[in-house]
Amino acid sequence: MFGDNPNDSALKASWDDFCDQLKSAGDMVFRDSTPVHDIDRAKGLRLLARNVSLALQFQLENKDPDFPELLHYFDPLRKQGGDNTDALYVGSPINGEHTYRISGKRGTARYFAVTVVEDGATPWGGGVAGNLIDSDIDVAADGTFEIILSPDEHPGNWIRTTPGSWRVTVRQFFADWENEAPMDARIDRVGEFLHSPVLGVEDITRGLSDTVAWVRDSTVYWADMLQKWKVQPNRFLSYRQLDDNAIDATPGGEPLICYWEVPEDEVLVVRVTPPPADYWAVEFGNCWWETMDYRYRLCSTNCHHARLEPDGELLLVVAHDDPGVANWLDPSGHVEGYITVRWIGSAHYPVPQCVQMKREALSAYLPATVATVDAKQRHEQLAARRRGVIKRFGY
């Protein structure tokens, strides 16, 4: 019973504080800047609930840099901060003063990058200590590779760590969802160390405190950040045009982001000619900066899936009902949110242009050559998305 253990009071207090802090985190959903629609309020609470498990992973379950594991971050059920619809993000804690080996099979994702991040002012850390991207990484003929993370120089694939290095993240962006395979790899600290199975009172109290702080701080951080785009709707701007915080941005090309507000009787047409690039993508999400449910909704496209116009233009339509165009972005019940365009490995970054109009004006506006789909083709588009997600995440 309570009191049988001398630490019962401390343990109960830590749990009570965890629950109280989590309860107060919900205030974010009801602040003045939050849209008043049911779906946005409901998804705000779901965002907090979803990210409890991610925070526990970071702050309690996979916190030891001596025994790190490469675990995935975002998936269809855990999202924040503009997660890439095409991506599989995995990572682990590290200590910048130690040496680590990442080894395994690279897989066949169109884009592959390994980034070491320093601790910093944001919930996701600070600046980038170093990274390796795609062709920077030597991969054997059988697909195997090895990367060393260390403060001391090593031959082969090596990222120099700094004393403040805190986490390593591996980004895999898939263009052809059904036919590109994910990485199969592990991370090990170099050396032999004895793992302690003991979870102490201080471990759990600190872990619970850090967990709820991360849930609160990370969700508020991204919600606040997206407000900077919201005041300039229908304009594509890069992250660093609006904010100078050091953050782990995708190496090889920064995203361009646009906030959209489209009433149910209106549509938004986005037009741009994609440049030659190693990879490019369009993502689509809600006011909490999380993607729509890309398993079941047509809420993204990329360099493999998009159908371009005869002159090479990409034409996207945000509409609440299916307009029959190939590159439809489905708002999934929302009337506002964000669009992100990524050009990676390109010599230049063209800025998409937006035109908003009433729904009944769309057919007259669209060019006669616009790529269209029928009901059967749309069904197959959606079915292929779910097959690709299952392949990527393994469920």
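Read through the list (1) over 26 Å from the mean Cα position of the chain (by Cα); (2) part of a loop (DSSP other than H, G, I, E, B), then give the number of the only condition that Y395 fails.
It fails just one condition, (1).
Looking at T301, T291 in this structure, which one is under 20 Å from the mean Cα position of the chain (by Cα), within 22 Å of R387 (Cβ to Cβ) and without any contact (Cβ under 8 Å) to a residue 60 or more places away in the chain?
One residue alone meets the criteria, T301.
Does any residue in region 369-380 that is over 19 Å from G312 (Cβ atoms) come within less than 8 Å, Cβ to Cβ, of a residue that is in a loop (DSSP other than H, G, I, E, B) and hydrophobic (A, V, I, L, M, F, W, C) six or more places away or on a different chain, and which pairs are these?
Taking only residues 6 or more apart or on different chains, the pairs are V373/A326; R378/L298.
Please enumerate the residues belonging to region 148-163 that are of a type in the set (G, A, S) and crowded, with 16+ Cβ neighbours inside 10 Å.
S150
Which ones in region 204-231 are under 25 Å from K63 (Cβ atoms) and free of Cβ contacts under 8 Å to residues at least 12 places away in the same chain?
The one that is under 25 Å from K63 (Cβ atoms) and free of Cβ contacts under 8 Å to residues at least 12 places away in the same chain: R206.
Can you say whether K43 is surrounded by fewer than 18 Cβ atoms within 10 Å (Cβ to Cβ), basic (K, R) and either free of Cβ contacts under 8 Å to residues at least 12 places away in the same chain or in a helix (DSSP H, G or I) (or both), as far as the supplied structure shows?
Considered against the rule, which asks whether it is surrounded by fewer than 18 Cβ atoms within 10 Å (Cβ to Cβ), basic (K, R) and either free of Cβ contacts under 8 Å to residues at least 12 places away in the same chain or in a helix (DSSP H, G or I) (or both), K43 comes out as no.
So which pairs qualify, if the first residue must be in region 1-21 and of a type in the set (A, V, I, L, M, F, W, C), the second must be loosely packed, with under 14 Cβ neighbours inside 10 Å, the Cβ gap must be under 8 Å, and the two must be at least 6 apart or on different chains?
Matching pairs, first to second residue: F2/D8; F2/K12; L11/N5.
Which residues, counting only those in region 367-377, are within 32 Å of the chain's Cα centre (by Cα) and closer than 23 Å to V272 by Cα?
The answer is V370, A371, T372, V373.
Looking only at strands (runs of 3 or more DSSP E) that lie completely in region 197-296, which have at least 1 residues being of a type outside the set (V, I, T) and surrounded by fewer than 21 Cβ atoms within 10 Å (Cβ to Cβ)?
In region 197-296, 256-261, 266-272 are the strands (runs of 3 or more DSSP E) which contain 1 or more residues that are of a type outside the set (V, I, T) and surrounded by fewer than 21 Cβ atoms within 10 Å (Cβ to Cβ).
I'd like to know if region 299-321 contains one or more residues that are in the same structural domain as W280 (by TED's automatic domain parsing), hydroxyl-bearing (S, T, Y), buried (at least 22 other Cβ atoms within 10 Å of the Cβ) and modelled with pLDDT of 95 or more.
Checked region 299-321: at least one residue is in the same structural domain as W280 (by TED's automatic domain parsing), hydroxyl-bearing (S, T, Y), buried (at least 22 other Cβ atoms within 10 Å of the Cβ) and modelled with pLDDT of 95 or more.
Table: residues versus (1) in the same structural domain as P331 (by TED's automatic domain parsing); (2) at pLDDT below 95; (3) within 23 Å of S332 (Cβ to Cβ); (4) out of contact with any His (no Cβ under 8 Å at 6 or more places or on another chain).
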{"position": "D38", "(1), (2), (3), (4)": "no, no, yes, yes"}
{"position": "G44", "(1), (2), (3), (4)": "no, no, yes, yes"}
{"position": "L56", "(1), (2), (3), (4)": "no, no, no, yes"}
{"position": "Q59", "(1), (2), (3), (4)": "no, no, no, yes"}
{"position": "N62", "(1), (2), (3), (4)": "no, no, no, yes"}
{"position": "L70", "(1), (2), (3), (4)": "no, no, no, yes"}
{"position": "D83", "(1), (2), (3), (4)": "no, yes, yes, yes"}
{"position": "Y89", "(1), (2), (3), (4)": "no, no, yes, no"}
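If only one of R297, R307, R342 is among the basic types (K, R) and in contact with an Asp or Glu (Cβ under 6 Å, 6 or more places away or on another chain), which one is it?
R297
Can you name the residue in region 328-364 that is of a type in the set (S, T, Y) and surrounded by 13 or more Cβ atoms within 10 Å (Cβ to Cβ) and, of all such residues, is farthest from I133 (Cα to Cα)?
Ranking the candidates gives S332 first.
The values are calculated or read from the model by the stated rules, or taken from the named source; none is laboratory data. All of these numbers come straight from a predicted model, not from anything done at the bench. Quick reminder, even Gly has a Cβ in these numbers, built from the backbone with ideal geometry, and neighbours come from all protein chains shown.
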